[in-house]
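A.B. asks: What follows is a single structure, and I will ask about it in a moment.
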Amino acid sequence: MDIVVSGIRSTGNLHLGNYFGAIRNFVRMQHEHHCYFFIADYHSLTTHPTPSDLHGNVKQVLSEYLACGIDPEKATVFLQSDVPEVPELYLLLNMNAYVGELERTASFKEKVRKQPENVNAGLLTYPVLMAADIIIHRANKVPVGKDQEQHLEMTRRFARRFNNLYKVDYFPEPEPYNFGEALIRIPGLDGTGKMGKSEGNGIFLSDEPSEIRKKVMRAVTDSGPEHPGQEKSEPVQNLFTLMQVVSEKETLDYFEDHYNRCTIRYGEMKKQLAEDMIRLTGPIRERIKEIKADDAYLRKVVMAGAARARESASATLRDVREIIGFKPF
Ligand code: AMP
């Protein structure tokens, strides 16, 4: 049985990128493996140093996890900040993480560009905290989207470095996992590469149907193909990629065919895409509302999750301290 760990930052509501890149796989994996799924509330502080509603955001994402079908009886569902062993391992791993390699991380460079007024040390060491989250349970599989590939490569490097440094074979090198398929990247509606929480280009699981229709109808396209078989522009390819994940195969084939024959009407395609998104998210949105209203249930889930996560994390910490050479007097 594999040990699986993955998490999502509590910086805002979950979008279709989170759903297809992560959550859908969490739900599929929970039946077969030993799974730990957490809400990365410490990580959210790197970009939102003074979040207006930290608790509210955590509650929303937790409700969304559960509404998508993550079963807390099967998987360990917990909050990152409920496991103090994580920051302890993060501290220890930081001693063997080099500023140069952290500065070269693509996501760090991007954040330096995006938030030059707040290039904090937490942002720099984001991959170290992520590595601590994963290896603290000695995970060997991590269901993530393509956007996390580089971070996971760093996690593998930190695990390997620890093993080499202390001449042990303690941490497994965790593999990114997507059921044998290529890692997925869900594009945004604005013609760019990635759907994200802060990009303003996303469809959220909690969006009302009218909102989804409005956003999809506004999505960027182009002036249409001019000759049969013409290569798609990025914004149009993005619409097809979204359709590939939310719609039936016949629907996708229908629009591919019209594209190839230059008879496509983007308005018709967007209408269909919006309806298919609504069909997918509708039942989830209803469940989010129900679960969010049940504070007693949410409390029970996080308390049980924290206890199970700490059991696994503290066993690792005990070993790590011994390996490094800390000894009781
Ligand atoms: P984040 O929202 O950055 O905390 O990401 C949480 C999880 O969702 C990670 O496993 C990401 O790989 C995944 N994810 C986020 N955005 C996308 C996207 N646009 N396409 C695929 N996966 C994504």
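The values are calculated or read from the model by the stated rules, or taken from the named source; none is laboratory data. It should be emphasised that the depicted structure is a prediction, and the values quoted were computed from it without experimental measurement. So basically every Cβ, Gly included, is an ideal-geometry build from the backbone, and we count neighbours across all protein chains shown. Ligands, DNA and RNA are stripped out before the accessible areas are found, and what is left, the full protein with its side chains, is counted by its heavy atoms. Shrake-Rupley method; radii C 1.70, N 1.55, O 1.52, S 1.80 Å.
For every residue, the table says whether it meets (1) farther than 28 Å from Leu183 by Cβ; (2) in contact (Cβ under 8 Å) with a residue 40 or more places away in the chain.
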residue: Phe240; (1), (2): no, no
residue: Gly267; (1), (2): yes, yes
residue: Ala296; (1), (2): yes, no
residue: Arg318; (1), (2): yes, no
residue: Ile323; (1), (2): yes, yes
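A.B. asks: Please go through the range 113-123 and give me each residue that is open to solvent by 30 Å² or more (accessible area, probe 1.4 Å), assigned to a helix (DSSP H, G or I) and either among the hydrophobic types (A, V, I, L, M, F, W, C) or touching a strand residue (DSSP E or B) at 6+ places or on another chain (Cβ under 9 Å) (or both), ordered by number.
C.D. replies: The one that is open to solvent by 30 Å² or more (accessible area, probe 1.4 Å), assigned to a helix (DSSP H, G or I) and either among the hydrophobic types (A, V, I, L, M, F, W, C) or touching a strand residue (DSSP E or B) at 6+ places or on another chain (Cβ under 9 Å) (or both): Ala121.
A.B. asks: Only one residue in Thr263, Thr281 is open to solvent by 30 Å² or more (accessible area, probe 1.4 Å), among the polar types (S, T, N, Q) and either at pLDDT 95 or above or part of a loop (DSSP other than H, G, I, E, B) (or both), so which one is that?
C.D. replies: Residue meeting the stated conditions: Thr263.
A.B. asks: With respect to Val168, determine if the residue is buried (at least 19 other Cβ atoms within 10 Å of the Cβ) and away from the ligand (no atom under 15 Å from the Cβ).
C.D. replies: The answer is no for Val168.
A.B. asks: Out of Asn13, Asn18, Asn57, Asn25, I need the residue that is open to solvent by less than 20 Å² (accessible area, probe 1.4 Å) and in the same structural domain as Val112 (by TED's automatic domain parsing). Which one?
C.D. replies: From the options Asn13, Asn18, Asn57, Asn25, the qualifying one is Asn25.
A.B. asks: Out of the residues in the range 65-83 that are touching a Phe, Trp or Tyr at 6+ places or on another chain (Cβ under 9 Å) and assigned to a helix (DSSP H, G or I), state the one that is surrounded by the most Cβ atoms within 10 Å (Cβ to Cβ).
C.D. replies: Filtering the range 65-83 for residues that are touching a Phe, Trp or Tyr at 6+ places or on another chain (Cβ under 9 Å) and assigned to a helix (DSSP H, G or I), the one surrounded by the most Cβ atoms within 10 Å (Cβ to Cβ) comes out as Tyr65.
A.B. asks: Find the residue count for the range 28-43, including only residues that are part of a helix (DSSP H, G or I) and more than 13 Å from the ligand (Cβ to nearest atom).
C.D. replies: So the answer is 1.
A.B. asks: Evaluate the range 284-297: report whether one residue or more is at negative phi, in contact with a Leu (Cβ under 6 Å, 6 or more places away or on another chain) and open to solvent by less than 50 Å² (accessible area, probe 1.4 Å).
C.D. replies: There is at least one residue in the range 284-297 that is at negative phi, in contact with a Leu (Cβ under 6 Å, 6 or more places away or on another chain) and open to solvent by less than 50 Å² (accessible area, probe 1.4 Å).
A.B. asks: Let me ask something else. What are the residues in the range 179-203 that are closer than 30 Å to Ala313 by Cβ and either surrounded by 18 or more Cβ atoms within 10 Å (Cβ to Cβ) or touching a Phe, Trp or Tyr at 6+ places or on another chain (Cβ under 9 Å) (or both), if any?
C.D. replies: Leu183, Ile184, Gly196, Lys197
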